[in-house]
Amino acid sequence: MMSTAVVIVAAVLYLRYIYRRYKKAPFRIRTKCRYHGGLQMSVSIYNKSKEMMEINPPIVEFRQPRMKKRRFKIIPPGDKDIFPLGLSPHTNYDFVVHFIRLYDLEERLRKYQKVAIRIEDKKGKLLMQKTVKLKQP
């Protein structure tokens, strides 16, 4: 009887912690992976805070257990002067990551199982991060 109550209280506290942590995040990141014509990921960054935020170029971080992480800055072609990007409240920024270009740079990246999108502010502080598991076609 006592152990059941302890488990319930711990679960409720954990869910409150997760809810508060998600609620305080200033950004929402949505991703969608497509395999048509090569692996690519559509990313949408949404500023859900009430103030303007300036962000550095998004960073794509390849991860694999017990291995070195590889990071790449994503800068859209032709818009090299866009960053630091100022996002007004309730606006979004969309971009597409083409993994074929990154795989051409370094063939070992095909072995990595997870990719994280990192959003940092102008000072370099991490604002939001989302990890996606990749499935190679």
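No lab work stands behind these numbers, since they all come straight from the coordinates. Note that the coordinates shown come from a computational prediction; the quantities given were computed from them, not determined experimentally. All Cβ positions, glycine included, derive from the backbone under ideal geometry; neighbour counts span all protein chains shown.
Could you work out [θ]222 nm for the chain from helices alone, using -39500 (n - 2.57) per DSSP H run of at least four and dividing by all its residues? Round to the nearest 500 deg cm²/dmol.
Details: 2 runs with 30 residues, N = 137.
After summing the helix terms and dividing by residue count, I get -7000 deg cm²/dmol.
With θ taken as phi - 60° and the Karplus curve 6.51 cos²θ - 1.76 cosθ + 1.60 applied, the whole-hertz 3J(HN,Hα) list for segment 112-124 is 6, 9, 10, 10, 10, 9, 10, 10, 10, 7, 4, 8, x Hz, x standing for glycine and proline. Helix 2-24 and the longest principal axis of the C-alpha atoms of the chain enclose an angle of approximately 40°. Pairs of lysine residues in segment 7-107 that meet both criteria, 8 or more places apart or on different chains and Cα atoms under 18 Å apart, total 4.
Of the labelled figures (1) 52, 13, 10; (2) 31, 23, 13; (3) 25, 17, 14, only one reflects semi-axes √(5λ) of the Cα gyration tensor in Å as derived from the coordinates, namely (2).
Karplus-derived 3J(HN,Hα) values for segment 54-60, using 6.51 cos²θ - 1.76 cosθ + 1.60 with θ = phi - 60°, are 9, 10, 7, x, x, 10, 9 Hz; glycine and proline are entered as x. Report note on the peptides 121-129, 9-17, 41-49: ranked by the mean count of other C-beta atoms within 10 Å, highest first, their order is 41-49, 121-129, 9-17.
Under unit Cβ charges (Lys, Arg +1; Asp, Glu -1), what dipole magnitude, rounded to 20 debye, does the chain have relative to its Cα centre?
Using only the charged Cβ atoms, the result is roughly 620 debye.
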